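Taking it in order: structure first as structure tokens, then the write-up.
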Amino acid sequence: MDSDSNLADYAIARRDFSWEAEREAFEGERGPNIARAAIERQIRRGLGEQVAIRWLGRRGDRRELTYSELEAETSRFANVLAGLGVQPGDRLCSLAGRLPELYVAALGALKHRAVYCPLFSAFGPEPITTRMQRGDVKVLVTTERLYKRKVAGIRDQLPDLEHVLLIGRRSPADVPGTLDLQALMDQASPEYTPGPTDREDMALLHFTSGTTGKPKGAVHVHAAGLVHHVTGRDALDLRPGDVYWCTADPGWVTGTSYGIIAPLTCGATLIIDEADFDAARWYRILQDEGVQVWYTAPTAVRMLMRLGAEVAAAYDLSALRFVASVGEPLNPGAVIWGRDVLGRTIHDNWWQTETGGIVVTNYRSAPVRPGSMGRPGPGFELALVRRTDGGGVALIEEADQQGELAIRAGWPSMFRGYLHDEARYRACFREGWYLSGDLARRDEDGFYWFVGRADDVIKSAGHLVGPFEVESALMAHAAVAEVGVIGRPDPVAGDIIKAFVALKPGIEGDEALRRELLGFARARLGPAVAPRAIDFVDQLPHTRSGKIMRRLLKARELGLPEGDTSTLEGTSEDAT
């Protein structure tokens, strides 16, 4: 809890907040174009010579772009698009790792009023095909390696794809059907003025996978930039000049909303690390780059916890002012570990691809309740609801009762549709509420506590059990590094609760430890909620965004089809 937070008093901020007032201050005379807000606004504030992007190559090389240089580079890219005949509203995909050119392309596309759609560089040909077909993608920005390995063989299945821009200088004759992006950039003017941008103009297309059906393309508009800015300022406590590191993959919505847009609209310096997770490297970056605000994922936190506090003790992390986490709920033990080992409490928050920005969060100015995802941000109206048979909802007013998390529709970053799938979009709303599909409870002080996805919740002997509660209890044991919980069908109980447990290094998962963990969970949770079975595993399946794939655990346990695994970490070839 700190008194110098950007959002100093939660109650006053909630009472006095107005999206209209924020919009007037944010847009000024420039309008809502996200790229202008991210770059031009900072130059007008006198930050032109400040570093906007500091890129750290996996082999030790570095590259920096100031806000003025970023303005010139993104203008060149916008002119490249204009020269190719790309029109406002046309879709552009990126398929690359954390390279400076990806960030320039994203902002240059937005400046040109094209629609930016990031793809995970680890995707294989099939998920790339599905998303580019559904997105009517006209332009692809990628590397020669990724194009040859993942796109060239499916090019004939992408009739809308007109231009492939390859990162890195080369002769276009080397790769038929592609263009040399650097050569085009060298010929382009560094001056570009965006055309008139409407708040409802489509800006971003993010694909999200469900448990069934094809990936959904969530549509976001330029108005969403306001939410990125406000939540970057208040939920992440970002300030001009801050050194900021978001570890999210740029193919994930967080890697765009809070890895590009929010920090730049707040005037921060972005740290971009090309390399994959390595504990020593991460601690060294936090120390050597003087990171002040760090936004990461629970999986990364648990991996650091697994290696022990002594690894962190070798580094000076005193520059850190604020640490936040997103992707899935943060176990209480991880919150406490952050305080004890990093010297900073880790602040959990909640949002979805569909919400476009952070909705529920723990603010720097208020005490954190370990295990809670926090309270609704100013400008958001939340409720817990129960769906009724008539197509409506019933509000749950009592404290500590479980319900589906719902948001009153109309906030600026609310998704405007699923591309080409109006029926699925309409099904997300009832009586003016967006229904998130996440179950939660609200305590008497207004803090929200995640229970689980509606399709993850386990019904065992008449009890509704959220996997997160069981996972958190087992995580409190000193031997446990990570846990995933599912329901396994049982003829008597309906489902019994089964836990898959990854242990800390050096600990053997024998029968004695299995019995110990069963007893440990039973003592903490009671017999109705505790797991009845435990399997030890080397590691749990995660999405590239860090979420445990419980449905995959269940499918493998029951011998069922695994469904869409395109976002499963480690399912594709080398992403570089």
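The values are calculated or read from the model by the stated rules, or taken from the named source; none is laboratory data. Everything numeric in this text was worked out from a predicted model, so none of it was measured. As a convention, Cβ positions derive from the backbone with ideal geometry for all residues, glycine included, and neighbour counts pool all protein chains shown.
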**Item:** Subset of the stretch 434-457 (residues that are modelled with pLDDT of 95 or more and at positive phi)
**Value:** Gly446
**Fill in**
Note on Ala394: of the conditions (1) in contact (Cβ under 8 Å) with a residue 24 or more places away in the chain; (2) surrounded by fewer than 20 Cβ atoms within 10 Å (Cβ to Cβ); (3) assigned to a strand (DSSP E or B), unmet is (1)
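When only residues in the stretch 424-462 that are in a strand (DSSP E or B) and of a type in the set (A, V, I, L, M) count, which is surrounded by the fewest Cβ atoms within 10 Å (Cβ to Cβ)? Don't jump to the end; show me each part of the working.
Going through the stretch 424-462, the residues in a strand (DSSP E or B) turn out to be 429-430, 433-442, 448-453, 458-460.
Narrowing the set further to residues that are of a type in the set (A, V, I, L, M) leaves 435, 439-440, 451, 458.
Working: Leu435: 18, Leu439: 22, Ala440: 23, Val451: 23, Ile458: 25.
Filtering first and then ranking leaves Leu435.
Residues in the stretch 123-179 that are of a type in the set (A, V, I, L, M, F, W, C) and in a loop (DSSP other than H, G, I, E, B): how many?
So the first thing to find is which residues in the stretch 123-179 are of a type in the set (A, V, I, L, M, F, W, C), and the list is 123, 128, 132, 137, 139-141, 146, 151-152, 154, 158, 161, 164-167, 173, 175, 179.
Still in the list and also in a loop (DSSP other than H, G, I, E, B): 123, 158, 161, 175.
Residues in the stretch 123-179 being of a type in the set (A, V, I, L, M, F, W, C) and in a loop (DSSP other than H, G, I, E, B): 4 in total.
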**Prompt:** Which residues, counting only those in the stretch 503-530, are buried (at least 18 other Cβ atoms within 10 Å of the Cβ) and either in contact with a strand residue (DSSP E or B) (Cβ under 8 Å, 6 or more places away or on another chain) or within 21 Å of Leu307 (Cβ to Cβ) (or both)?
**Reply:** Leu503, Leu513, Leu517, Ala521, Val529, Ala530
**Prompt:** So, of the residues in the stretch 271-294 that are in contact with a Phe, Trp or Tyr (Cβ under 6 Å, 6 or more places away or on another chain) and under 15 Å from Val323 (Cα atoms), which turns out to be surrounded by the most Cβ atoms within 10 Å (Cβ to Cβ)?
**Reply:** Trp294
**Request:** Could you pull out the residue among Phe26, Phe17 that is under 30 Å from Gly446 (Cβ atoms), more than 24 Å from the chain's Cα centre (by Cα) and touching a residue at least 24 places away in the same chain (Cβ under 8 Å)?
**Result:** Phe17
**Prompt:** Inside the stretch 443-495, can you point out the residues that are closer than 20 Å to Arg306 by Cβ, within 22 Å of the chain's Cα centre (by Cα) and small (Gly, Ala, Ser)?
**Reply:** Ser472, Gly484
**Item:** Candidate set: the stretch 535-556, residues that are over 24 Å from the mean Cα position of the chain (by Cα) and either β-branched (Val, Ile, Thr) or part of a loop (DSSP other than H, G, I, E, B) (or both); chosen: the one surrounded by the most Cβ atoms within 10 Å (Cβ to Cβ)
**Value:** Val537
**Message:** One residue is enough: does the stretch 67-79 have a residue meeting the conditions among the small types (Gly, Ala, Ser) and over 24 Å from Gln187 (Cβ atoms)?
**Reply:** no
**Message:** Filter the stretch 463-497 down to the residues that are out of contact with any helix residue (DSSP H, G or I) (no Cβ under 7 Å at 6 or more places or on another chain) and crowded, with 21+ Cβ neighbours inside 10 Å and list them by number.
**Reply:** Val465, Gly466, Phe468, Glu471, Gly487
**Asked** Ser257 fails exactly one of the following numbered conditions: (1) surrounded by fewer than 24 Cβ atoms within 10 Å (Cβ to Cβ); (2) among the polar types (S, T, N, Q); (3) closer than 23 Å to Ala105 by Cβ. What is the number of that condition?
**Response** (1)
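Taking the stated definitions as given, is Phe380 out of contact with any His (no Cβ under 8 Å at 6 or more places or on another chain) and in a loop (DSSP other than H, G, I, E, B)? Talk me through it step by step, then tell me what you get.
On the way: out of contact with any His (no Cβ under 8 Å at 6 or more places or on another chain): yes; in a loop (DSSP other than H, G, I, E, B): yes.
Yes: the conditions hold for Phe380.
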**Asked** When only residues in the stretch 197-224 that are in a loop (DSSP other than H, G, I, E, B) and modelled with pLDDT under 95 count, which is surrounded by the fewest Cβ atoms within 10 Å (Cβ to Cβ)?
**Response** Thr212
